[in-house]
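Notes for the one structure printed next.
The values are calculated or read from the model by the stated rules, or taken from the named source; none is laboratory data. This structure is a prediction, so every number in the text was calculated from the model and none was measured. Backbone-built Cβ (ideal geometry, glycine too); neighbour counts: all protein chains shown.
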Amino acid sequence: MAPWQVRDLHENDLGQVVRLLEESRDTAAEPVVTLAEAVGAVRGGMPAVVATAGATLVGVAVSLVAGERAWVLRLAIDREWRHHGIGSGLLSALEKSFTDRRVRRVGALLPSHELGETAFLNSGYAGRPDTTYFEKALPSAPAEATILDQVGGIVPQAGLWDRIAGMDAEKAIIERRLVMPLEHRDLAEHYHLEPPRAVVLFGPPGTGKTTFARAVASRLRWPFVEVFPYQLAADPHGVAGALRQLFARVDHLGQVVLFFDEAEEIASERRDPTSLAHRITNELLKLIPVFRRRDRRLLICATNTVRRMDPAFLRPGRFDYLIPIGPPDADARRAIWARYIGPDRLAHVDLDRLVEASARFTPADIEYAARTAAQTAFERHLGADGQAAAPADPERVTADYLDAVAATRTSLTEDDITAFDRDLRAAARV
């Protein structure tokens, strides 16, 4: 093997550091210090060192200093580089940094038989059998923001749930099946009701599946992580490797809604055991049960074509519900139009005509048409010379919206609706 050396951790090392911390654990016990907390300490300027062999990072140690006391938060060594004195070298380099900060006592907490025990003993650390470790989980630590940023997550703004117009039947099912058991966990436990861990939303494009997923996260006030198949395909480790890394990182969040759009692209029906799609689906089938073991997390997969997904992927035990999100009916279209028109202009609009004219419109289609009509009225109000003109005749308002409907290409075809009706009968599980 090439010789190794120890140096301070640089900012561009962070990707390899995260990989080492995720992959080098030796026991099933959860680390005392989470990955998010370790990364947060690094970003906060706490002492951290790495061991390198050529251009490859093979070891890392991260610490936290508070006054005269320091803690070694995490120690990780690549499995191929164990038993080469790297652990002791990392600790020695940290201690030099501690001396500069006038630290007098150094401690570490790690699960029994975890990597690092030998390194600590060889470096003069003594166990404390007379101590008992206490822990209490508090709301999300700032360090979790680092992990959330790495996976492209957000905390959705409040109120998204209340702003969903129409779609009352779908909204009621999602509220009863998903939101209420997760919001009232103690009551659910009293009735031996296991809160959902994973669900599929299926239906034609543009019907609001993503909106519902984001609104559930907003209602729960949980972080929301949206994943697209093309993002996974662009990962240098391949889709399967990207999935493993994503689930490992999300595991360090205290609570999360993990949302996969176009899920049929990564969970298609397995036909050829030698194909890449087969391997990807197998990987996801292994990751979902692990994800389900933790509380306060929800996996939502959205698909336009549930029939293309692997049957094993959809069975109970992996997904609790398969919830249809169909095209809006007349009442739903009326509510959606009313939302986008606004109360000040609603009195001047013939809603019945708009509802009838937009029979095959999705919520997204209605939003686009409403915006087009508003733009037309706005430009007419300003006048050709850009100066403010008198408001349009109220009788013209409905015509603006009807013209916009006529100019909007609908998202749904008769084939889309027929296919959804077939999926509704064959796959729905609510």
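Being without any contact (Cβ under 8 Å) to a residue 40 or more places away in the chain and either touching an Asp or Glu at 6+ places or on another chain (Cβ under 9 Å) or not in a strand (DSSP E or B) (or both): is that true of Leu90 here? When the stated conditions are applied, Leu90 does not pass them. Listed by position, the helices (runs of 4 or more DSSP H) contained in region 274-364 that have at least 3 residues being surrounded by 20 or more Cβ atoms within 10 Å (Cβ to Cβ) are 276-292, 330-341. Filtering region 243-267 to residues that are surrounded by fewer than 19 Cβ atoms within 10 Å (Cβ to Cβ) and modelled with pLDDT under 85 leaves only Gly254.
Identify the residue in region 113-172 that is exposed (fewer than 14 other Cβ atoms within 10 Å of the Cβ) and of a type in the set (Lys, Arg) and, among all such residues, is modelled with the lowest pLDDT. Only one residue fits best here, namely Lys136. Residue check: is Ala70 assigned by TED's automatic domain parsing to the domain that holds Pro129 and part of a helix (DSSP H, G or I)? Here the answer is no, as Ala70 does not meet what is asked.
Mind checking which residues of region 395-408 are surrounded by fewer than 18 Cβ atoms within 10 Å (Cβ to Cβ), of a type in the set (D, E, K, R) and at pLDDT 90 or above? The answer is Asp403, and nothing else.
The rows are residues; the columns are (1) closer than 16 Å to Ala406 by Cβ; (2) under 28 Å from the mean Cα position of the chain (by Cα); (3) of a type in the set (D, E, K, R).
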site: Leu351; (1), (2), (3): no, no, no
site: Leu354; (1), (2), (3): yes, no, no
site: Phe361; (1), (2), (3): yes, no, no
site: Ala364; (1), (2), (3): no, yes, no
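Meeting the requirement of 2 or more residues that are within 17 Å of the chain's Cα centre (by Cα), the helices (runs of 4 or more DSSP H) wholly within region 157-223 are 209-220.
For region 36-56, what are the residues that are under 23 Å from Pro3 (Cα atoms) and surrounded by fewer than 20 Cβ atoms within 10 Å (Cβ to Cβ)?
Within region 36-56, Thr52, Ala53, Gly54, Ala55, Thr56 qualify.
Residues that are β-branched (Val, Ile, Thr) and under 12 Å from Ser24 (Cβ atoms) within region 35-93 comprise Val58, Val60, Ile77, Ile86, listed in sequence order. Would you mind stating whether Glu22 is modelled with pLDDT under 85 and either part of a helix (DSSP H, G or I) or in the same structural domain as Arg249 (by TED's automatic domain parsing) (or both)? Yes; evaluated as a whole, the condition is true for this residue.
Out of Ile288, Ile280, I need the residue that is β-branched (Val, Ile, Thr) and over 19 Å from Arg197 (Cα atoms). Which one?
Details: Ile288 fails: over 19 Å from Arg197 (Cα atoms).
Sole residue among the options that is β-branched (Val, Ile, Thr) and over 19 Å from Arg197 (Cα atoms): Ile280.
Only one of the listed residues (Ala55, Ala66, Ala51, Ala38) is among the hydrophobic types (A, V, I, L, M, F, W, C) and within 23 Å of Ser112 (Cα to Cα). That residue is Ala38. The residue that is surrounded by the fewest Cβ atoms within 10 Å (Cβ to Cβ), among those in region 223-242 that are aromatic (Phe, Trp, Tyr) and farther than 11 Å from Ile300 by Cβ, is Tyr230.
Among the conditions (1) at pLDDT 95 or above; (2) touching a Pro at 6+ places or on another chain (Cβ under 9 Å), the only one that Ile323 does not satisfy is (2).
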